[in-house]
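> Right, I'll just put the structure down here and ask away after.
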């Protein structure tokens, strides 16, 4: 018999992992992190705990993100998700004009908009922030896709027949929301790197919040998907600052 090709082997791996319950995926990931931490040299472990203590805000966001992720196995949470989603997706008058507005706003969290935003930074002569923004956006995209693969949460329109889909049906899984994470990453990136006035920072985060709302309005995500995306985006923006500072300090 011929050996299965890479595609066939990968398909079997995906099929096998897709059948693993989410709780075991989560516990397995936590176990791997704990093992890595235990096996790390003492100096690295000490540095790890020192770093945690000096970045309370970032750690708080990550902890809440973990709690939101764990809540996906909570059945009452799914019912709450559905109620909020259907309220935003179906309630009230839904005109073609309003649908168009929401579809336009939701694109702020897309990869295309991220590259356009980076291009604007480059045209303005800010090469450093252009490259760091691109690096953060691309790495965030990879992280989001990994988490989608890990949690395997189906999109609302796949599970609920009553969901109204506005625009095209996005492929892939639902948790976390990639558009929301990108929008909040951009808001965090601009706020911490450019020392924005409070009004400008509020405007960026308000825009990111609108992107999160549109993801439910168009029927692509549940509330916890966008909440997880928002927490991930902010966390990734704060992590990006630390990574950038390290790179420029050591002179890479």
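> Give, in nm to one decimal, the length gained when the segment between residue 63 and residue 165 is fully stretched (0.36 nm per residue of separation minus the Cα-Cα distance).
Between residue 63 and residue 165, full extension yields 33.5 nm more.
> Further question: From zero up to wherever the largest Cα-Cα distance of the range 74-124 sits, split into 10 Å bins and tell me the percent of pairs in each.
20, 29, 27, 19, 6
> Report the convex hull volume per residue for the range 55-250, counting only C-alpha atoms, in Å³.
130
> To continue, here is another question. Residue separation times 0.36 nm, minus the C-alpha to C-alpha distance between residue 103 and residue 131: what's the value?
Here the segment from residue 103 to residue 131 would lengthen by 7.3 nm.
> While we're on this one: For a quick protection proxy, order the peptides 200-210, 87-97, 185-195 by their average other-Cβ count within 10 Å, most packed first.
Ranked by mean Cβ neighbours within 10 Å, highest first: 185-195, 200-210, 87-97.
> Right, here's the next one. Report, largest value first, the span of the C-alpha coordinates of the range 50-142 along each principal axis, in whole Å.
Reported extents, whole Å, longest axis first: 46, 46, 21.
Quick note: the coordinates plus some simple rules give every number you see, no bench work behind them. It should be emphasised that the depicted structure is a prediction, and the values quoted were computed from it without experimental measurement. For neighbour counting, all protein chains shown are included, and Cβ atoms are generated from backbone atoms with ideal geometry for every residue, glycine included.
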